[in-house]
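Report on the structure given below.
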Amino acid sequence: MMCDLLKNYFIKLYMSNQGSFFKRIYDRYQVWINLVIIPIVGVVVFWLLIQFMDFWTHHGETAKMPNVEKKNYYDALNILESQGFEVEVDSIFDLKIKHGQVVDQSPKPNEIVKYGRTVYLKINSFFPEMKKVDDKLLHISSVQAQKTLQSMGFTRIVVKYIDGANEDEVIRIRYNGKEYKRGEKVPVTAEVEITVTKAKEETYSVDEARRQVEAREKLENDSLSNVSDDSPSNSEFEEPQSTEEPQSITSTENPVNSDIEE
């Protein structure tokens with residue numbers, strides 16, 4: 001009953017205000033009032049948006065960059081994320097550095113940076129880099145094969161020699177005691193073995209060597225004797241001697257000189 005009375009009271013109050021002063025003003029200048037209210041509402045909304053963005057992006061807030069170099073990757077990640085930084089990782093592989101250790105960071109330690117910025121870490125990989133051994137290593141010299149492997153990052157290279165038809169030719173590749181399969185990726189820390197051929201040297205016993213020398217000397221002597229038999233005699237090349245007597249040469253006095261003497 002009480003609720004109904006209050007309800008009726010507010011209804012009558014609302015109906016009585018229908019003809020109030022403010023309602024008459026709004027009805028009369030509705031367009032102009034809307035034109036004023038819309039920009040005001042827009043400015044207020046824009047200001048609230050800026051305040052929210054500053055709060056969300058921590059505008060104006062700075063932090064000191066912690067030093068995570070030489071730390072384990074997971075420890076460094078926990079330190080940076082606990083202070084609100086984003087982390088991106090790049091990796092290298094070096095046998096001299098502990099696996100998972102932070103090698104470098106950017107920004108550098110103790111720099112004053114914006115809160116929440118991205119920190120770039122370079123770590124030593126937990127696993128060795130995998131490389132595909134090029135099939136072009138086959139049928140080349142051992143020196144070329146070793147240089148190619150070293151340029152790919154392999155350091156443990158073993159050369160094995162066997163007898164073959166060609167001299168210094170790579171015919172087989174193995175790693176860690178296993179046969180290399182075409183297209184297979186090999187860790188750069190693996191021991192790579194290349195099999196290289198060398199020309200087989202012929203060996204003779206003492207008697208065989210003596211017979212070889214005697215046969216060679218006999219062949220040389222026969223060749224020299226054949227050359228001497230086929231060569232023409234020296235008499236064929238002698239010039240015939242002339243039988244004519246040399247003419248005497250008589251000198252005559254110069255007439256000019258004789259006239260001068262007279």
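The values are calculated or read from the model by the stated rules, or taken from the named source; none is laboratory data. What you see is a predicted model, and the numbers here were worked out from it, not measured in a lab. As a convention, Cβ positions derive from the backbone with ideal geometry for all residues, glycine included, and neighbour counts pool all protein chains shown.
Listing for the model above:
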quantity	calculated
In the stretch 150-175, the residues that are at positive phi and either surrounded by fewer than 15 Cβ atoms within 10 Å (Cβ to Cβ) or in the same structural domain as PHE93 (by TED's automatic domain parsing) (or both)	GLY153
ILE194 vs. criteria in a strand (DSSP E or B), of a type outside the set (D, E, K, R) and under 19 Å from the mean Cα position of the chain (by Cα)	no
Only listed residue being closer than 19 Å to VAL68 by Cα, touching a Pro at 6+ places or on another chain (Cβ under 9 Å) and free of Cβ contacts under 8 Å to residues at least 40 places away in the same chain, chosen from PHE93, PHE85	PHE85
Test: residue in the stretch 32-53 that is polar (S, T, N, Q), at pLDDT below 80, surrounded by 10 or more Cβ atoms within 10 Å (Cβ to Cβ) and more than 52 Å from the chain's Cα centre (by Cα)	yes
Filter result for LYS178 (modelled with pLDDT of 85 or more, within 55 Å of the chain's Cα centre (by Cα) and surrounded by 10 or more Cβ atoms within 10 Å (Cβ to Cβ))	yes
Which numbered condition MET152 misses (of (1) modelled with pLDDT of 90 or more; (2) within 30 Å of ALA199 (Cα to Cα))	(1)
Search result, residues across the stretch 119-149 that are part of a strand (DSSP E or B) and surrounded by 14 or more Cβ atoms within 10 Å (Cβ to Cβ)	VAL119, LEU121, LYS122, ILE123, ASN124, LYS131
Filter result for GLU111 (among the acidic types (Asp, Glu) and within 30 Å of GLU69 (Cβ to Cβ))	yes
Hits in the stretch 90-122 (condition: closer than 13 Å to ASN72 by Cβ, aliphatic (A, V, I, L, M) and modelled with pLDDT of 90 or more)	VAL102, VAL103, LEU121
Condition met for GLY116 (more than 33 Å from the chain's Cα centre (by Cα) and in a loop (DSSP other than H, G, I, E, B))	yes
